[in-house]
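Notes for the one structure printed next.
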Amino acid sequence: MAYRTEHPRPQFMRESWRCLNGQWDFEFDHGDSGLARGMNAPDAPFSLRIEVPFCPQSKLSGIENKDFMRAVWYRRKITLSAEELSGRVLLHFGAVDYFAEVFVNGKKCAEHRGGYLGFAADITDFVHEGENTLTLCAHDDERNGLTPCGKQSREFYSHGCDYTRTTGIWQTVWLEFVPTAHIEKVKFFPDAANATLSVLANVTGSGTLSVKASFEGKPMGQASGEITLGGQIMLTVPLAEKHLWELGVGGLYDLELTFGKDKVTSYFGLRTIDYSDKKFRLNGRSVFQRLILDQGFWPDGIYTATSDEELAADIDRCMAMGLNGARLHQKVFEERFLYHADKKGYIVWGEYPNWGLDHTRPEAAYGFIPEWLEEIERDFNHPSIVGWCPFNETWDIDGKKQFDPLLDLVYRVTKSADPTRPCIDTSGNFHVTTDIFDVHNYEQDPKAFAAAYAELSQGRITDVFANRQPFNSTLPFFVSEYGGIRWTEDASGWGYGNAPTSPEEFLARLKGLTDAMLDNPGIFGYCYTQLTDVEQEQNGLYTYRREPKFPPEVIAPIFSRKAAIED
């Protein structure tokens, strides 16, 4: 039985697709010499089998090799019918870490650099009716300084807040069969004030593009337009009823897009966000962001959840604790997670796994910007995303400071790609150009923690990095990491500060730290570290196996009580 067979892109679905997850041939290539040895040939010798989409470091892959892997190879056979070959055949990879080369029947047809975003190859001209061979080589070097790898350990063992590595395929692989004239991509611009949706579509070929919106099965509006020779078209759909996307509720309109014989189903949320007057407002109402730091690691799948239900359950676990969103930390989460966030009314910050990238070097821009722009484009339509954060804690590297123009450039690129959301240039430190001034504070004494922000209304805070990032009191203020309280029954593992000696001490510390922000009228949100334990890091609200350390009904009142800044 194959894992993760649900459609990987709920916001861009066609009926004509085939999941390719399951058993593939597999081979290590420690010398990264496989191409020279002819590993791309359909009859090349492979000695192992792997369960896709789990990385070879994971238990569920069937390999479970946790060493560094310079390159790995995958192969499987597919059979195509004449009907499937009547249009175009697209081969999709949800994510391959890090540099992927794709071969069909021995010939190279695509490549992609970046371990976190998907890519597709039109393989129509490389396949034939009957049996075909797909081969992929993934090259990965987490220690070269130009490979973003997030929380993947650059040492042999996991340590501190760095965990087991991921190499190769770690998201769904699938085929899609599309007409020659088809929709390539769409971008949504909901207008809550005027109850309209504008759709910017890229298409191949000529025909009529039609867009129909509905809500809970009831027709809401439609629009159509002609396009010749491909390109872009913008349509505006007037909505018969206004249904706002809300926290904890969701509320999504369904969409059907047709272009000739091509049909795509999608959805969107109608909502407004702004950060004016130092508040976060959703649909005009000030709401406190009660976030969790979500690392997106799993004990048996590493980067990949065992099931779609488990992805959704992580959101439910957070909401049960009184939280309303997450920083999706040092990782680009799969689209299915964002789909569940959209459905449940769960707000998130889109981030990028910048650790591993040497941000002191100007050329780091080439290892960062292309895939970062892919993320913004892929996730632009998700109503759950309320901000972008490309970098996190840009510490000095080998005594060298960050290259400030790099952070400034990435901020400006982000705002150009998406002017509708705020951008935090680097969460925690060291700010260069940002829409929000955020800090990370793992002080464990609630009184000292509160004192650091007691004069926030007077435009002053206590910041240990004040010499590197002078406080800008005109910006909204966000404590985007705090807590990290180590808690295990035997006080083992790694965490921040001294572990409490009793459950009562844990709860008192959590309440004291959280109250300091909820009672401060100048703070619009917090982010608690973290959702679950991850390997040796033992500071989660849940264990790595997703068991609650404290009853959610005990924790929820601490996190969820009304904040001073809220309406």
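The values are calculated or read from the model by the stated rules, or taken from the named source; none is laboratory data. The structure displayed is predicted, hence computed values, not measured ones. Heads up, the Cβs are rebuilt from the backbone with ideal geometry, glycines too, and the neighbour counts pull from every protein chain shown. Heads up: the accessible areas ignore ligands, DNA and RNA and are worked out on the full protein's heavy atoms, side chains in. Shrake-Rupley method; radii C 1.70, N 1.55, O 1.52, S 1.80 Å.
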(message) Could you tell me the calculated FRET efficiency between Lys218 and His128, based on Cβ-Cβ distance and R0 = 45 angstrom, to the nearest 0.05?
(response) 0.45
(request) With a Förster radius of 60 Å, plug the Cβ-Cβ distance of Thr474 and Thr79 into 1/(1 + (r/R0)^6) and report the FRET value to the nearest 0.05. (result) 0.45
(message) Could you tell me the relative contact order of segment 304-348? Use alpha-carbon pairs under 8 Å, at least six residues apart, and round to a whole percent.
(response) 45 percent
(request) Send over the semi-axes of segment 459-567's equivalent ellipsoid, whole angstrom and largest first, taken as the square roots of 5 times the C-alpha gyration tensor eigenvalues. (result) 27, 18, 12
(message) Computing the accessible area with a 1.4 Å probe over protein heavy atoms, can you report the carbon and sulfur percentage for segment 36-106?
(response) 48 percent
(request) Diagonalise the Cα gyration tensor of segment 426-479 and give the resulting equivalent ellipsoid semi-axes, square root of 5 times each eigenvalue, largest first, whole Å. (result) 18, 13, 10
(message) Semi-axes of the equivalent ellipsoid for segment 206-334, please: Cα gyration tensor eigenvalues, times 5, square-rooted, ordered largest first, whole Å.
(response) 33, 22, 15
(request) Subtract the Cα-Cα distance of Glu363 and Thr180 from 0.36 nm times their separation in residues, and report this length gain in nm to one decimal. (result) 62.0 nm
(message) How far apart, in nanometres, would the label points at Arg143 and Asp398 be if each is projected 7 angstrom from Cα along the Cα-to-Cβ direction?
(response) 1.3 nm
(request) Normalising by the residue count of segment 280-432, find the relative contact order in percent from Cα pairs under 8 Å and 6+ residues apart. (result) 19 percent
(message) Straight-line reach from Lys107: which lysines fall under 25 Å, measuring Cα to Cα and dropping same-chain residues less than 8 apart?
(response) Lys77
(message) If R₀ is 60 angstrom, what is the calculated FRET efficiency for the pair Ala454 and Glu226, using the beta carbon separation as r and rounding to 0.05?
(response) 0.45
(request) Using only alpha carbon pairs under 8 Å that are at least six residues apart, calculate the relative contact order of segment 1-121 and give it in whole percent. (result) 21 percent
(message) Suppose the chain between Glu547 and Glu504 were pulled fully straight at 0.36 nm per residue; how much longer would it get relative to their current alpha carbon spacing?
(response) 13.6 nm
(message) For a test of the definition: using alpha carbon positions, the gyration tensor, and the 1.5 limit on a/c, classify segment 522-567 as rounded, prolate or oblate.
(response) oblate
(request) Please give the solvent-accessible surface of Glu309 in Å², to the nearest 10, using a probe radius of 1.4 Å with every protein chain present. (result) 130 Å²
(message) Which of rounded, prolate or oblate describes the chain when judged by the alpha-carbon gyration tensor and an a/c cut-off of 1.5?
(response) oblate
(message) Calculate log10 I(q)/I(0) of segment 166-238 for q = 0.13, 0.20, 0.26 Å⁻¹, where I(q) comes from the Debye formula with a single equal point scatterer on each Cα and nothing for solvent.
(response) -0.52, -0.89, -1.15
(message) Using the Kirkwood radius over C-alpha pairs as Rh, can you work out the diffusion coefficient of segment 84-151 via Stokes-Einstein at 10 °C, viscosity 1.306 mPa s, in µm² per second?
(response) 121 µm²/s
(message) For segment 143-282, what does the convex hull of the Cα positions come to per residue, in cubic angstrom?
(response) 217 Å³
(message) Give me the extension gain from Leu48 to Asp408: residue separation times 0.36 nm, minus the current Cα-Cα distance, reported in nm with one decimal.
(response) 125.0 nm
(request) With everything on Cα atoms, drop me the angle between helix 404-417 and the longest principal axis of the chain, reported from 0 to 90° to the nearest 10. (result) 60 degrees
(message) Please compare each pair in Lys218/Lys242; Lys278/Lys400; Lys511/Lys562; Lys187/Lys212; Lys279/Lys549 to a cut-off of 23 Å on the Cα-Cα distance and tell me which ones are over it.
(response) Lys278/Lys400; Lys279/Lys549
(request) Sequence neighbours fewer than 8 away in the same chain don't count; with that in mind, list the lysines whose C-alpha is under 23 Å from Lys401. (result) Lys151
(message) Just to confirm my numbers, what's the Cα centroid distance between segment 29-69 and segment 72-117 in Å?
(response) 16 Å
(request) Taking 7 Å along the Cα-to-C-beta vector as the label spot, tell me the Asn283-Glu310 distance in nanometres, rounded to one decimal. (result) 3.4 nm
(message) Ordering Lys331, Lys549 by accessible area with a probe of 1.4 Å, largest first, what comes out?
(response) Lys549, Lys331
(request) Could you do me a favour and compute the accessible area per residue for segment 217-261, 1.4 Å probe, result in Å²? (result) 56 Å²
(message) Suppose each label sits 7 Å from its Cα in the direction of the beta carbon; what would the Glu377-Asp519 distance come out to in nanometres?
(response) 5.0 nm
(message) Between 0 and 90 degrees, rounded to the nearest ten: what's the tilt of helix 308-320 against the longest Cα principal axis of the chain?
(response) 10 degrees
(message) Once neighbouring chains are kept in place and the probe is 1.4 Å, which whole percent of the accessible area of segment 422-546 is contributed by carbon and sulfur?
(response) 52 percent
